[in-house]
Amino acid sequence: MTFQDQQESNNIITDLETLTGFAREDFNIFPEERSAIFGDIDVGYTVPGYEGKTVNLTSHPDGVLIGPAITSADFIKTSADKVIAIEKGALFTRFIEENVHNKHKSLLISCGGQAPRQTRSFIRRLHDELGLPVYILTDGDPWGMHIAQVIISGSANAAHLRDLNTPDAVWSGVWASDIIDYKLPTDPLDEVDIKRLYELQKDPRYQNDPVWQREIKVFLKIKRKTELEAFSRYGLTYIVDEYLPAKLEQKAKAGKGTKKK
C-alpha cells in the first residue's frame with residue numbers, strides 16, 4: 001500500500017480494522033503513547049525477550065509508560081482496590097508525591113489529555129480482570145467532560161472496535177456544580193466552549209443521563225470553567241485530603257448518575 005500523508009495512512013489503517021475486525025495494535029501499529037501508570041501492582045511481561053520478568057509499577061517515580069509491553073503484560077497481584085484516571089500529567093505527578101496510591105489504595109493513570117486507545121483498553125482490563133472500579137478526574141470544562149465520556153462510552157472514531165471503553169467507570173469531577181460548591185477560581189467559557197456544550201447536549205451518549213445533562217446546563221448557566229489545579233487555592237494538598245475523599249464517598253450517587261449500561 002502506498003499513501004501520500006499521515007491522514008491517508010490513518011484512513012487506510014481504519015479501513016483495515018473495519019474489514020478484518022482486528023485493532024491496529026494487532027498489526028504491530030502503535031500510536032505514540034503519552035499515558036502512564038503508577039501504583040502497587042506486579043505485572044509479568046510477555047513481550048519477546050522479557051518473558052517471565054516481573055515489575056512493580058511503583059518502580060519509577062514518574063510512573064511507567066503505558067506502551068505495548070505494559071498493555072500486554074499479565075497481572076500478578078495488587079493491593080489496589082480502585083483505579084483513578086487523571087486527565088493531566090501535572091496532577092498525576094502531584095498525586096504520586098502525595099502518596100495517593102497508598103492513601104486511597106489506588107492505581108493512578110495519567111491520561112495525557114484524551115486517553116489513547118491502548119490506555120482505554122488497559123483501563124478496561126484493570127476493571128474486568130481485577131474487578132477494580134474506575135474513577136475519572138478531569139478539568140471542569142466541556143473538553144474534560146468528553147475525555148471522561150470517551151473512557152466510559154468509547155469514541156466515535158473507534159466505534160468499530162470493542163473493549164475500548166469501561167461502561168461502569170464514573171466521572172467524579174470536576175463537575176460544573178463543583179465550581180459553585182467549592183467556590184473555585186474560574187475563567188469564562190469562550191465561544192468554542194459554548195458551541196461544544198451544545199454539541200454534547202445533543203450527543204446520544206449524554207442524552208439519557210440526568211447527571212451529564214444537569215452538568216451541561218450548569219456550565220451553560222454560569223458560563224465558567226476551571227482546572228483541577230484550582231483547588232490549590234485552599235492549599236496544595238486540599239484536592240488529596242478533601243476533594244478526592246469526598247468524591248470517592250459519592251460512589252453510589254455518582255455511579256448511578258454517570259454509568260452507561
Is it true that some residue in region 249-258 is at pLDDT below 95, open to solvent by less than 50 Å² (accessible area, probe 1.4 Å) and either more than 24 Å from residue 133 (Cα to Cα) or not in a helix (DSSP H, G or I) (or both)?
no
Selected residue (only one of 129, 87 is surrounded by 18 or more Cβ atoms within 10 Å (Cβ to Cβ) and charged (D, E, K, R)):
87
Taking residue 134 as meeting all but one of (1) crowded, with 19+ Cβ neighbours inside 10 Å; (2) within 22 Å of residue 233 (Cβ to Cβ), write down the number of the exception.
(2)
Quick check: anything in region 153-164 at pLDDT below 95 and in contact with a Pro (Cβ under 8 Å, 6 or more places away or on another chain)?
yes
Residue selected from region 92-109 under the condition open to solvent by less than 10 Å² (accessible area, probe 1.4 Å) and in contact (Cβ under 8 Å) with a residue 60 or more places away in the chain, by the criterion farthest from residue 146 (Cα to Cα)
100
Residue check for residue 144: free of Cβ contacts under 8 Å to residues at least 40 places away in the same chain and crowded, with 20+ Cβ neighbours inside 10 Å:
no
Tally time: how many residues in region 43-63 are open to solvent by 70 Å² or more (accessible area, probe 1.4 Å) and touching a residue at least 24 places away in the same chain (Cβ under 8 Å)?
2
Number of positions in region 193-228 that are open to solvent by 80 Å² or more (accessible area, probe 1.4 Å), of a type outside the set (Ser, Thr, Tyr) and assigned to a helix (DSSP H, G or I):
8
Which of the residues belonging to region 170-188 are open to solvent by 20 Å² or more (accessible area, probe 1.4 Å) and part of a loop (DSSP other than H, G, I, E, B)?
182, 183, 185, 186
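The values are calculated or read from the model by the stated rules, or taken from the named source; none is laboratory data. Remember, it's a predicted structure, so these values are computed and weren't measured experimentally. Glycine also receives a Cβ, built like all others from the backbone with ideal geometry; neighbour counts cover every protein chain displayed. Accessible surface areas use protein heavy atoms only, side chains included; no ligands, DNA or RNA. Shrake-Rupley method; radii C 1.70, N 1.55, O 1.52, S 1.80 Å.
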